[in-house]
Amino acid sequence: MESAAVERIRTAKADELADLQRIEVASGAPFRDIGMVEIADAPPLALEVFAACQRAGRVWVVVDAGDRPIAFAVADLVDDCVHVQQISVHPDHARRGVGRRLLDHVAGWAAARKLPALTLTTFRSVPWNAPYYARCGFVALSSADLTAGLAEVLAAEAAMGLDPADRVAMRRPVLAA
């Protein structure tokens, strides 16, 4: 196992996108342990989605000493904020601050572009989802605080079969660079 000192963050390369799908699938396995089999078995983001975001410079990877991805974040722009569409850490590297460092990197990217916040949607009840993101500075949004774009994201998730009662949109302000 690699130490955190040799991990670095960079933008993803086009030839790594299938590797990122494998990381996403592996990172979903813990959902099986809490009875969310449908989430554990869900397919990863489509290569086309990865590729579009990668071409736009919005896919970042944490790499090990051998320059191999161990974690990634994919972002889109929703309502003039950086929306973290997916963040995954390979289970072999989980619980070491990799995800937090990746979120901080994305926040720095947003700040450099004078974008006001990071947003994401996640599960309320999963310990490594909403409670984790709250520890990373995200605040749950009430339905009254949802932007139109975040409401659309949540509606699309519900249409895919995710329980709207267990989904939450969250926001983390970005400090100006």
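Every listed requirement among (1) under 24 Å from residue 146 (Cα atoms); (2) in contact with a strand residue (DSSP E or B) (Cβ under 9 Å, 6 or more places away or on another chain); (3) modelled with pLDDT under 95; (4) among the aliphatic types (A, V, I, L, M) is met by residue 98 save one, (1). Taken over segment 14-27, the residue count meeting the criterion of being in contact with a helix residue (DSSP H, G or I) (Cβ under 8 Å, 6 or more places away or on another chain) and without any contact (Cβ under 8 Å) to a residue 60 or more places away in the chain is 4. Checked against (1) touching a residue at least 40 places away in the same chain (Cβ under 8 Å); (2) touching a helix residue (DSSP H, G or I) at 6+ places or on another chain (Cβ under 8 Å), residue 10 passes all but condition (2). Annotation note: Cβ proximity below 9 Å between a residue of segment 95-115 that is closer than 15 Å to residue 76 by Cα and a residue that is at pLDDT 95 or above and of a type in the set (D, E, K, R) (sequence gap 6+ or interchain) occurs for 103/172; 106/58; 107/172; 109/58.
Filter segment 63-73 down to residues that are touching a Ser or Thr at 6+ places or on another chain (Cβ under 9 Å) and crowded, with 21+ Cβ neighbours inside 10 Å and give me whichever is farthest from residue 22 (Cα to Cα). Step through it out loud before you land on a result.
Here is the first cut: in segment 63-73, the ones touching a Ser or Thr at 6+ places or on another chain (Cβ under 9 Å) are 65, 71-73.
Next cut, crowded, with 21+ Cβ neighbours inside 10 Å only: 71-73.
Numbers: 71: 10, 72: 11, 73: 13 Å.
Filtering first and then ranking leaves 73.
Screening 141, 146 for residues that are of a type in the set (A, V, I, L, M), over 26 Å from residue 98 (Cα atoms), surrounded by 14 or more Cβ atoms within 10 Å (Cβ to Cβ) and without any contact (Cβ under 8 Å) to a residue 60 or more places away in the chain leaves exactly one candidate, 146.
Of all residues in segment 52-61, exactly one satisfies the criterion of being touching a helix residue (DSSP H, G or I) at 6+ places or on another chain (Cβ under 7 Å) and either modelled with pLDDT under 95 or not hydrophobic (A, V, I, L, M, F, W, C) (or both), namely 54. Could you tell me whether residue 120 is of a type in the set (A, V, I, L, M), within 22 Å of residue 10 (Cα to Cα) and exposed (fewer than 13 other Cβ atoms within 10 Å of the Cβ)? In short, no.
The values are calculated or read from the model by the stated rules, or taken from the named source; none is laboratory data. If you're wondering where the values come from, they're calculated on a predicted model, not measured in any experiment. When we count neighbours, we look across all protein chains shown, and the Cβ atoms used for this are built from the backbone with ideal geometry, even at glycine.
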